[in-house]
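Below: one structure, written as structure tokens.
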Amino acid sequence: MRFLATLLITLLVLAAIILPQVLVVVDETELAIITRLGDPQRSIRSPGLYVKAPLIDSVTKFEKRLLIFDAPAESLLTSDKKRLIIDVYARGRITDPLLFFQTVRNVTQARSRVIDIVASELRREIASDEQVEIIKTKREQIENAVRDAVRPLIDELGINIVDVRIKRADFPQAIAGSVYERMKAERKRIADRERAQGAEADLQKRAEVDREAVEIRSGAQKEADIIRGEAEAEAIALYAAALEQDPEFYSFLRSLDAYTLFLGDNSTIVLPADSDLFKFLQSPLLSR
């Protein structure tokens, strides 16, 4: 039993030492190549378990996912002899690991080569366009043109370029201040024009509202005067009808109304003896 246990342990140790020298595991995010004494033998593009010769074969793995090739910002000259600060990056993935290994060996050198190619083509493309067009309208067109131009060159490195993007296209610091001031002045001019148009529209609307208000008040006043005149005419007619029925009683009521207006506490009234008002203030005996 002791011998079998020792043999089993020995086999496990040997397996632990030999299997890593024989088997290669490549996952779904990786590409790999197998080299024999530094000489590339074959490439591995699919995930799985692979076999290699122990001791003399070695494995080099590469990233299968997208790589970012970020170029430093650079001052470039446009066709109208003006400068722009352009910051650009490219995205791509390794498609041929064997060609990649033979041309650039590793990702660090690949980044340097790709950035040089993209920057050179971008410089040529910017030199054929005007500054204003680049900033306002032609950014996407430039990105596509640079991508299409560099793709065949970068394919020779075993890399497929997916896209090229301009992160920033800005004026140099020396002229940025004056450019921004012109932009502010232009925006202020537009804002002042909009305010003036708004004020004019406001005055027109207020004038219309005031005119409508005057018309409404005039109409209401006219209608009120008509109603008041009709009411006064009706009151006069009622007074006239009451006078015809009993002139003496009507005269008495009108006199009471007059007393209410000018008689108060401690009032003194001077009336002629034959006044119509005076006769209702006299004693019934005196009036006889």
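The values are calculated or read from the model by the stated rules, or taken from the named source; none is laboratory data. Bear in mind that the values here come from a model prediction, so they are computed numbers and not experimental data. Using ideal geometry, Cβ is built from the backbone for each residue, glycine included, and neighbour counts are taken over all protein chains shown. For accessibility, only protein heavy atoms count, side chains too; no ligands or nucleic acids. Shrake-Rupley method; radii C 1.70, N 1.55, O 1.52, S 1.80 Å.
Every condition in (1) under 30 Å from Glu140 (Cα atoms); (2) open to solvent by 70 Å² or more (accessible area, probe 1.4 Å); (3) without any contact (Cβ under 8 Å) to a residue 60 or more places away in the chain is met by Ile190 except one, and the failing one is (2). Suppose the filter is crowded, with 19+ Cβ neighbours inside 10 Å, among the β-branched types (Val, Ile, Thr) and more than 18 Å from Val146 (Cα to Cα); does Val104 pass it? Answer is yes for this residue.
Pairs meeting the criteria (first residue in the range 123-147 and closer than 10 Å to Ala169 by Cβ, second residue modelled with pLDDT under 95 and among the small types (Gly, Ala, Ser), beta carbons under 6 Å, at least 6 apart or on different chains) are Ile134/Ala169; Ile135/Ala169.
Taken together, the residues in the range 50-98 that are surrounded by 15 or more Cβ atoms within 10 Å (Cβ to Cβ), charged (D, E, K, R) and assigned to a loop (DSSP other than H, G, I, E, B) amount to 4.
Restricting attention to the range 155-165, does a residue exist that is open to solvent by less than 60 Å² (accessible area, probe 1.4 Å), out of contact with any Gly (no Cβ under 6 Å at 6 or more places or on another chain) and over 30 Å from Leu31 (Cβ atoms)? No; the residues of the range 155-165 include none that is open to solvent by less than 60 Å² (accessible area, probe 1.4 Å), out of contact with any Gly (no Cβ under 6 Å at 6 or more places or on another chain) and over 30 Å from Leu31 (Cβ atoms).
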